[in-house]
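A short reminder: the numbers here are calculations on the coordinates, not readings from a lab. Quick caveat: nothing in here was measured; it's all calculated off a predicted structure. Positions of Cβ are generated from backbone atoms using ideal geometry, with glycine treated the same way; all protein chains shown enter the neighbour counts.
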Amino acid sequence: MARTPPSAAHLALIGAIAEHGETATSTQIERWQRQGWLPKAAEWFEPDSSTILPKILTRAVWLAHTARAGRSIGWLGWVFWAIDDTPDSARRLRAILVATLKRPLARAGIEQLPAGDSNRAFQARQDAATRMMANRRSPRRDLDGILRVGAAAAGVDLPRSPETAVPNIFHRALMEPGARLLLGGASDVGIEELLKSWEQAWPEHAEKIEYIREAHRQAELAGTDLMAQSPMAEGMAGMVRTIESADDRQLCAAVRSCTKASGALGVLMQRAVYEPEILARLMSDVMWDQWARVGGIAPDGAVGAAAVAISTFQYLAMPDWAADLEHYLAFMNTLLGADPDGPTSEGIE
């Protein structure tokens, strides 16, 4: 069956994209429209004019630069839904965020987790966590250490992380109880088990761990469960509920900030290969340890999508953390200067 020839609007946009050194086809543009990344063609032009609106052209050029045949642009496409901030874009965001948070269950073949505190439900969640961790590699790396070695070779001394920062967040001792915490919440993983895992991953900080243990002990004696006050107290169920219950504008604002922040950080990390002093500035802020090294660095694919989804949950659940991320984003935009790439550019709006 013959395809319908490209419309005049599509041809105009294809030509404008080409003038900016990129290429696109009518089929690609139609796909971008179906994904909600570009509006209807009637909204592309200046009033009573054949001139394409700058915000439409900027977005289309970035899509043409980023999108490749047979390859999804992944979480980078979420920023457009967040910027548009419409009921439809919020619906798309809510659906993809929930699906992303639940993806570890789907990969392990787990359709639904039993709720409740019965022994049977508890054991089912423990078994599910074991299935999730099967064949899961735990990279034995200290990101900060790797970065310091590279920077030292260029004569740049990077700041040290505070003593409260766990050097290797991918340590197997942390990932196993972390999986159970994700599936069952604080009721499935007690503070003592978490502290023992920290002792394995953080052996040089026994005094700090004992201080935390004593703080929880004293709080319990006073009738307070500090674990229950954690944003992760309900695990994945609480994360999903936070995403589902956020109003549309709140959700779009959270995703907008988290995607732009990860995009900005990604560009700066690439530039830091040639300008290692950028790392020193990034690592001097509290959000390096609270966000960048534990989820802000979001690569392409499922891993990066999960990182952005978790950041979005934190943004919604922790107002102080959200405010710190906003400050860090402004700081990163300053480092980027007037020529940031992709969705980190203010011009894309």
Helix-only estimate, please: 222 nm mean residue ellipticity of the chain, summing -39500 (n - 2.57) across DSSP H runs of length 4 or more and dividing by its residues, to the nearest 500. -19000 deg cm²/dmol
In degrees between 0 and 90, to the nearest 10, how far off the longest principal axis of the chain does helix 319-336 point, with axes built from Cα atoms? 50 degrees
In a Debye calculation with equal point scatterers on the alpha-carbon sites of the chain and no solvent, what is log10 I(q)/I(0) at q = 0.07, 0.12 Å⁻¹? -0.36, -0.98
Approximate spin-label separation Phe170-Ser50, in nm, with each point projected 7 Å along Cα-to-Cβ: 5.4 nm
What do you get for the angle between helix 235-245 and the principal long axis of the chain? Use alpha-carbon atoms, 0 to 90 degrees, nearest ten. 40 degrees
Quick calc: nm separation of the 7 Å Cα→Cβ label points for Arg34 and Ile209 -> 5.2 nm
Whichever aspartates and glutamates have a C-alpha closer than 13 Å to that of Lys260, once near sequence neighbours (fewer than 8 apart) are set aside: Glu326, Asp341, Glu346, Glu349
Relative contact order computed over the stretch 8-71 (Cα-Cα under 8 Å; 6+ residues apart), in percent: 36 percent
Quick one: length gained pulling Glu277 to Asp248 fully straight, 0.36 nm per residue minus the C-alpha distance? 6.5 nm
When the C-alpha atoms of the stretch 168-302 are aligned to their principal axes, what extent does each axis show, in angstrom, from largest down? 51, 42, 26
Percent of alpha carbon pairs in the stretch 8-71 separated by more than 16 Å? 36 percent
Output ³J(HN,Hα) for the stretch 50-60: one whole-Hz value per residue in order, computed from phi by the Karplus curve 6.51 cos²θ - 1.76 cosθ + 1.60 with θ = phi - 60°, and x for Gly and Pro. 9, 7, 6, 4, x, 5, 6, 5, 4, 5, 5
In the chain, which longest range has no trypsin sites (Lys or Arg not before Pro) that are both DSSP loop (not H, G, I, E or B) and surrounded by at most 11 other Cβ atoms within 10 Å? 161-349
Measuring from the lowest to the highest alpha carbon on each principal axis, how far does the stretch 246-294 reach, largest first, in angstroms? 41, 19, 14
Under 5 Å from the placed amide H of Phe45, counting only residues 5+ away or on other chains, we find Leu53
Mean separation of Cα contacts under 8 Å (at least 6 apart) over the residue count of the chain, i.e. the relative contact order in percent, is 20 percent
Filtered hits (lysines, Cα-Cα < 16 Å from Lys208, offset >= 8 within chain) -> Lys196
